[in-house]
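Note sheet for the following structure.
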Amino acid sequence: MNYLKLTKGALMAGIVMISSLSFAQKKVETDAALAFQNFEKAQMAGDMVESKKQLLKAKESIDIASTNAETEKSPKTLFLKGEIYTSMLLLKMLGDAEFNKNVPENAKEISIKAYKEAYDLSNKYDSDIQNSVNTIKQMLYATGSAAFDAKKFKEATMAFGTVNDYTGILNQLDTTAIYYAGIASENDSNYVQAAEYYKKAADANYKPNEIYRATAMAYIKAGQNDKAVDFLKQAITKSPKDKHLYFALGTIAMEMNDDQTVLENLNKAVEIDPNYADAYYNLGSYFSSKGFELRQKAGSLPPNAKKESDELLSKSLEFYGFALDPLEKYIALSPKDVDVLNSLVKIARAVKNTEKEAKYKQMLDAARQ
């Protein structure tokens, strides 16, 4: 027996067998790609039956490729896996119960992990992954908006909340999607979840003039007033010169009827920015409303309740005193605001300042023309 020939023969047979196995695994990878292409063609043609059939076929092939050492870390396999599982996730939203039996509960996690590995492993499919992520993002925005308009707020939250799961693949943060997820959660009365989304947007400095108040208000609606105040106070500690934080805390204090906190924080906001019209407006309108309510209450009392009436009127003048200066500063910045001018006329009349009453009456008449 020629052992040399036998050894060479066995070696050649082994090489052929290994090559065949490698070819077979590469073929499975190719089969997945072809099936996915057929899925896309069927989608374009509007043939949902065929598209689902081809997508399931693509899944079957990519699952095999994903479990073989030869192809499991192949950028092509990983990219295709991301594409296929994302498509299954999106089709799941159509509500086909039979098809959905084939969609794993963790389809989103599988797709994102595959995309991320492909993106980090090689730059070969970077542009394809970027295009896919942007397309997915657009689809999720459209799905979320349609769900929100249909008052399906849970579905809207899920769609907007998923956007950053995908943009995270590219190490990008979509703050608008986070904000929209917060709005959808709030409309779904899931205030704790809304606060979490808003807080995330606040941490990214998204819409600072609105987001801090929105976060705190969500906590308050959830019955977590302490969290609302703590959130804003912690933010102020980090950014003591941020006027938006004082504005938010002062505005939240209005909801809590905390006069002292309203005064302290809205005054601090305008100290930082003397042209902060919104802060002047909130401060002035808060105390003018309180004064007006007390005067209405005094007017509704019987004639024999003069002492109580006088006390209410006296307190109303105190509130008007807090309201007058900020409303005057606001109107200096927004001289055509009819409602505020009307309030100033009433306040000036109540505090018996005829000069200011005449001034703001003249401005009011001019603004109405």
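The values are calculated or read from the model by the stated rules, or taken from the named source; none is laboratory data. All of these numbers come straight from a predicted model, not from anything done at the bench. Ideal geometry is used to build each Cβ from the backbone, glycine not excepted, and the neighbour counts take in all protein chains shown. Heavy atoms of the whole protein, side chains included, go into the accessibility calculation; ligands, DNA and RNA do not. Shrake-Rupley method; radii C 1.70, N 1.55, O 1.52, S 1.80 Å.
Ordering 135-144, 324-333, 99-108 by mean Cβ neighbour count within 10 Å, with the highest value first, yields 324-333, 135-144, 99-108. The residues neighbouring K41, those whose beta-carbon lies less than 11 Å from its own, together hold a net charge of -3 under the Lys/Arg +1, Asp/Glu -1 convention.
Figure note: M254, M158, M93 ranked by solvent-accessible area, largest first, 1.4 Å probe, ligands and nucleic acids not counted: M158, M93, M254. Based on C-alpha pairs under 8 angstrom that are at least 6 apart in sequence, region 202-280 has a relative contact order of 23 percent.
When peptides 311-323, 231-243, 274-286 are sorted by average Cβ neighbour count within 10 Å, with the highest value leading, the order is 274-286, 311-323, 231-243. The order of the peptides 166-179, 121-134 by mean Cβ neighbours within 10 Å, most packed first, is 166-179, 121-134.
By definition, a body whose alpha carbon gyration tensor gives a ≥ b ≥ c is oblate when a/c is 1.5 or more and a/b is not larger than b/c, and region 57-208 fits this oblate description. Computed over neighbours whose Cβ is under 10 Å from that of I178, the net charge equals -1, Lys and Arg +1, Asp and Glu -1. Other residues with beta-carbon under 14 Å from the beta-carbon of F148 carry, at +1 per Lys or Arg and -1 per Asp or Glu, a net charge of -1.
Scalar couplings 3J(HN,Hα) for region 143-148, obtained by applying the Karplus form with A = 6.51, B = -1.76, C = 1.60 to θ = phi - 60°, are 5, x, 5, 5, 5, 5 Hz; x denotes Gly and Pro. If one takes the longest principal axis of the Cα atoms in the chain, at what angle in degrees, from 0 to 90 and to the nearest 10, does the Cα axis of helix 277-299 lie? Orientation of helix 277-299: about 50 degrees from the principal axis. Taken one residue at a time, the phi angles of region 236-247 give Karplus couplings (6.51, -1.76, 1.60, θ = phi - 60°) of 5, 4, 6, 9, x, 10, 8, 4, 4, 5, 5, 4 Hz. Gly and Pro are set to x.
For helix 175-187, what angle does its Cα long axis make with the longest principal axis of the chain, in degrees from 0 to 90 and rounded to 10? Relative to the chain, helix 175-187 is tipped by roughly 70 degrees. Computed 3J(HN,Hα) for region 302-316, one whole-Hz value per residue from the Karplus formula 6.51 cos²θ - 1.76 cosθ + 1.60 where θ = phi - 60°, is x, x, 7, 9, 4, 4, 5, 4, 4, 5, 5, 5, 4, 5, 5, glycine and proline marked x. Against the main long axis of the alpha-carbon atoms of the chain, helix 75-92 sits at an angle near 50°.
Put a plus charge on the Cβ of each Lys and Arg, a minus charge on the Cβ of each Asp and Glu, and nothing anywhere else: the dipole of the chain about its Cα centre is then about 260 debye. If a/c stays under 1.5 just call it rounded; otherwise compare a/b with b/c (prolate if a/b is bigger, oblate if not). Do that for region 87-156, with a ≥ b ≥ c from the square roots of the Cα gyration tensor eigenvalues. Judged from the Cα gyration tensor, region 87-156 comes out oblate (a/c at least 1.5, b/c at or above a/b). Only Cα pairs under 8 Å and 6+ residues apart enter the sum, and on that basis the relative contact order of region 127-243 stands at 16 percent. Here the sum of -39500 (n - 2.57) over DSSP H runs of 4 or more residues, divided by the residues of the chain, equals -27000 deg cm²/dmol at 222 nm, to the nearest 500.
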